[in-house]
Each structure stands twice: as structure tokens, then as C-alpha cells.
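The structure appears right after this line, and notes come after that.
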Amino acid sequence: MQASKLSIVQTGEPVLRQKARPVSRGELGTPGIQRLIEQMRDTMRNAPGVGLAAPQVGVPLQLAVIEDSADLLAAMPPERLAQHGRRPVPFHVIVNPVLTLEGDSVEFFEGCLSIAGYVALVPRAARVRVDCWNDDGEEVLIQAEGWYARILQHEIDHLNGTLYVDRMHSRSFTTVDHHKRYWDRLTIEELRRTLLIP
Ligand code: ZN
């Protein structure tokens, strides 16, 4: 069943630049928060996106939903999935996450539902550890690598008022259309050389 969808706020909205506040265990069990989670899930799937943080729907809480569905991945070339370390991630909720970065930095183009129509090359840690709660308020340890690690870093950034434009190679900032037209086929080395990224 689909709950009604929420609108996704765009960059410039103050809530995207604030540090979201932690959710209490008591609060997490309330119908209001459980309904918010369902609505965020449906809004993410409809976009479609692989993650959505509460500030993106105007709610300044330390909560995000994540899902990289097999359906979404089926539409992508297998070699691209392998290159990005992208594998299906079942739907789940992260609450009050504490992020630890691990591994080397890796660079890929990424976008954001709150900066619609654009992407940029963003360095991110190859692996992460996330200590958080799930939607039942149980403590969870997530250890992730590849694209999932990138999604977690992107969503947890949102909970701290940070957007990918704060971390991107600014010379790589492009519309989605121009990314497909000019940049999509190039390797990271070719991109850095062509875009004069130091
Ligand atoms: Zn985003």
C-alpha cells in the first residue's frame, strides 16, 4: 500500500543546512514517526532515489531511509554496477547514526534529489561503519562498502546540514543531460585531465 507522497525540498531551503536533532526512542514508536517513515519510503521510491533523509522532506530529525532495489539495478549495465560496487540493498531506516570512515577515497558522479537535475564528481570513503538504530529503536552496526557506503555518507551528510556540493570537485558540476552527453563514458583519470581537476 502506498502512503501519500511528500514533496522534496530543494537546495536553499534552510532545513537542508541545519543539523537535524536526534530522535528519542519514545518518539520513534509513535504513529506520527512511523507514518513519516512510510511516506519517506514511498517518496524515495517514486523519485526514484536510493536514499532520502528527513530534512529533505522538511523534517529536521536524524532519520533517513535507504534502498537500492534489484529492480532499479536491473536497468543498469552489469559492468557499470561492478565498477561502482553496486549491489541490491534492502529497504531500511537509519536513526541517530554515527559515521566512521574507513578505506581509501574513491570518486564517482553522484546526484541529490534536493539538487534536482545536476550531478558532480564526489570523493567518498570506500568503506564505512555506521552505528545507529533501526526503525524499532534497536541498536544496529552497519559495515558497508561500494555504492552502499556512498549512499550512507550522502544521507548522513544531510543529517548534518551538508550537501554533496560541499564535497564535490566543483569543476565537474554538470547537468544530468550534459553528464550523459559528455562525461559518462570517461574514466576518472580522463575526467580529471579533461576537466582540469588538480
Ligand atoms: Zn541528497
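Okay, here's what the table says:
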item	result
Qualifying residue in the range 173-191 (condition: touching a strand residue (DSSP E or B) at 6+ places or on another chain (Cβ under 6 Å), aromatic (F, W, Y), more than 22 Å from P60 (Cβ to Cβ) and assigned to a loop (DSSP other than H, G, I, E, B))	yes
Residues of the range 15-37 classified as open to solvent by less than 80 Å² (accessible area, probe 1.4 Å), out of contact with any helix residue (DSSP H, G or I) (no Cβ under 9 Å at 6 or more places or on another chain) and without any contact (Cβ under 8 Å) to a residue 60 or more places away in the chain, total	4
Filter result for I156 (crowded, with 18+ Cβ neighbours inside 10 Å, part of a helix (DSSP H, G or I), touching a Leu at 6+ places or on another chain (Cβ under 6 Å) and touching a residue at least 60 places away in the same chain (Cβ under 8 Å))	yes
Cβ-Cβ under 6 Å pairs, at least 6 apart or on other chains, the range 167-178 side open to solvent by 80 Å² or more (accessible area, probe 1.4 Å), far side assigned to a loop (DSSP other than H, G, I, E, B)	R171/L195; R171/I197
Qualifying residue in the range 67-85 (condition: in contact with a Leu (Cβ under 8 Å, 6 or more places away or on another chain) and farther than 24 Å from K19 by Cα)	yes
Residue that is nearest to the ligand (Cβ to nearest atom), among those in the range 122-166 that are over 22 Å from V106 (Cβ atoms) and out of contact with any strand residue (DSSP E or B) (no Cβ under 8 Å at 6 or more places or on another chain)	G161
Only one of A144, A149 that is assigned to a strand (DSSP E or B) and in contact (Cβ under 8 Å) with a residue 12 or more places away in the chain	A144
Pairs with Cβ under 6 Å, 6+ apart, first in the range 49-60 and closer than 14 Å to V93 by Cβ, second modelled with pLDDT under 95 and aliphatic (A, V, I, L, M)	V57/L6
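The values are calculated or read from the model by the stated rules, or taken from the named source; none is laboratory data. Here the structure is a predicted model, which is why all the values come from computation and not from measurement. Using ideal geometry, Cβ is built from the backbone for each residue, glycine included, and neighbour counts are taken over all protein chains shown. The protein model used for the area step is the full one, side chains on, heavy atoms only, and it has no ligands, DNA or RNA in it. Shrake-Rupley method; radii C 1.70, N 1.55, O 1.52, S 1.80 Å.
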